[in-house]
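Engineer: Submitted below is the structure of interest, expressed as structure tokens.
The values are calculated or read from the model by the stated rules, or taken from the named source; none is laboratory data. Worth saying up front: this structure is predicted, and the values here are computed from it rather than measured. Every residue, glycine among them, receives a Cβ derived from its backbone with ideal geometry; neighbour counts consider all protein chains shown. Surface areas here come from the heavy atoms of the whole protein model, side chains and all, with no ligands, DNA or RNA. Shrake-Rupley method; radii C 1.70, N 1.55, O 1.52, S 1.80 Å.
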Amino acid sequence: MRHIVAVVCEIGLFSNRAVAAGIEFHTMVTPPLDPRGMLRPAKPAAPGSFMELLGGSVAPSPVERRQQLHTVLKMRGFVVAFLLLVVAFASGPMQVQLPIWPLLFLLASMALLSGLCLLRLKQSSAVGPWEVFAQLFADIAAFSLVLYFTGGATNPFVALYLPLLGLAAALLPWPQVFGLAVFSVMAYSVLMVHYIPLVLANPSDGVHFHLLGMWLNFIASVAILVVFVARLSDSVRRRNLALGQAERRLARESSMAALGNQAASIAHQLGTPVSTLSMVVADWAADSTLQVPQQDLQAMQLQLAAIEKTMAQLRKQVSMGRYPQQTLGQNPLAVVTRFLADWRNRHPRHLLEYEHPGRKLEEGQRVAEDLLTLGLSTLMDNSSQAYTRSGNDHELKVSVHIAPQMFTVKVLDWAGGVSPELLEDLGRNPVQSHGQGIGLFLLGGLLERAGGQLTLQNTGSGLLATMELPWMT
């Protein structure tokens, strides 16, 4: 009889894992797998229109284009402010005769263009594939006109074409960069012939002024390269890091989906043995001549009822094909209280201590009920199994903490803990560890997808599991 009760308990634990895997399987869209079970790379998109073909094979996303446009506008503001200072210094202390009004008109026009662009970005987040190119083209055209009024190719600031093109190369696809480069070369070539020469108060100061202009040009170029291009490189590194994390998360979710598919199939096969056991237990309960320990019979009935409830939940989720959103937002304290009362009935030999939170729930604070119940079931059943393996029946402590961003549940046992090598993989990878590995792996993945976290740590005499769930909005 004891062995039969143990088998029923194991079926109940597995059915909970099957529901967890089934939830994950039916709420994910996973990439295709090749016959070896590895992720197949997505097929490259077919070329679209001629404009898309000119835009390069890998076009930036709308979010990236928006960030690029902000970078261009910041650089434009820096260049306009720098040129205003140069014009003021040249026409003032250096006494260089400049066409002030045309220059001010050009610089004011660029500032106005930046203001209009910022206003449009506040009203709409959409940035076209050629908008960044158009803004840089306007910058190079305006800079060429400024050079036309200030000495053309003889102006030492003509070298500012290079950092502008460097910024374009860091932002744009190569066909657009090539177009800007051709335009810059043509503008430079025209400025070698057609320009308004600078008129100096003292022509003998020409070499000195030219060297000073080259020095200022070098400072401006260094500032553009360091401030903008270096920040762009750092942004690319961060994006690559985020891409690597997304790929690892995708591989993990693909493994969880495969586990969910297998668990849902096996859980379906459990229907017949569970029904058989239910009939046997019902016959035992109806037979007054059969000497069956009432405690064992009650334990089997409770376990079978829990299994049938879990199987019904799994079938409902499979038929719906998605996670039941209508049951998400629930009072977490009420959910914990109900679960602990049920868990005490299923595990009467354990001493369970419940530590209430030190603060009350605020209005509207709710968590995902199914995820909270699954987490409590996984962590507390694992602790129960650990006590069974160790041969001890110690106290199990559950504590709840309420924070502004998270609802935290801690489960502490005194069953000896786990080895440090195993602790590193539990909750992160599917491992074989007396029934702990798969359940914790599924729970960790579900919490991560929901914005929560699962952490495990040895306490010297046992294991402390901490589950964090975000509040639902």
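Engineer: Take Arg389 and Leu121, extend 7 Å from each Cα along the Cα→Cβ direction, and tell me the distance between the two endpoints in nm.
Structural biologist: So the label points at Arg389 and Leu121 sit 5.5 nm apart.
Engineer: For region 347-422, report the accessible area per residue in Å² (1.4 Å probe, heavy atoms, rounded to an integer).
Structural biologist: Details: 3600 Å² over 76 residues.
On a per-residue basis, region 347-422 sits at 47 Å².
Engineer: Now a separate question. When all protein chains stay in place, what accessible area (Å², nearest 10, 1.4 Å probe) is found for Phe82?
Structural biologist: Only protein atoms counted, so the area is about 40 Å².
Engineer: Could I ask something else about it? What's the carbon and sulfur percent of region 94-155's accessible surface, probe 1.4 angstrom, rounded to a whole number?
Structural biologist: Details: 2270 of 3090 Å².
Answer for region 94-155: carbon and sulfur cover 74 percent of the accessible area.
Engineer: Over 23 Å between C-alpha atoms is what I'm after, so list which of Lys360/Lys397; Lys74/Lys122; Lys309/Lys397 land there. Write out the running numbers ahead of the final one.
Structural biologist: Values: Lys360/Lys397 20 Å; Lys74/Lys122 16 Å; Lys309/Lys397 26 Å.
The pairs that break the limit, which is 23 Å between Cα atoms, are Lys309/Lys397.
Engineer: For Thr272 and Val185, calculate 0.36 nm times their separation in residues minus their Cα-Cα distance, and state this gained length in nm to one decimal.
Structural biologist: Details: separation 87, 0.36 × 87 = 31.32 nm, distance 7.96 nm.
Additional length available on full extension: 23.4 nm.
Engineer: Not counting ligands, DNA or RNA, and with a 1.4 Å probe, what is Arg338's accessible surface area in Å² rounded to the nearest 10?
Structural biologist: My reading of the accessible area for Arg338 is about 130 Å².
Engineer: To continue, here is another question. Could you sort 101-111, 135-145 so that the peptide with the highest average Cβ count within 10 Å comes first and the rest follow in order?
Structural biologist: Top of the packing list down: 135-145, 101-111.
Engineer: While we're here: Taking the Cβ-Cβ separation of Gln453 and Leu212 as r and a Förster radius of 35 Å, what is the calculated FRET efficiency to the nearest 0.05?
Structural biologist: On the way: r = 58 Å, r/R0 = 1.67.
It comes out at approximately 0.05.
Engineer: When the chain is fully extended, how far beyond the present Cα-Cα distance does Ser235 get from Leu290, taking 0.36 nm per residue of separation? Please list the in-between numbers first.
Structural biologist: Numbers: separation 55, 0.36 × 55 = 19.80 nm, distance 7.46 nm.
Contour length minus Cα-Cα distance gives 12.3 nm.
Engineer: With the Cα gyration tensor of region 332-373 giving a ≥ b ≥ c as the square roots of its eigenvalues, does the rule (a/c under 1.5 for rounded; else a/b larger than b/c for prolate; else oblate) give rounded, prolate or oblate?
Structural biologist: oblate
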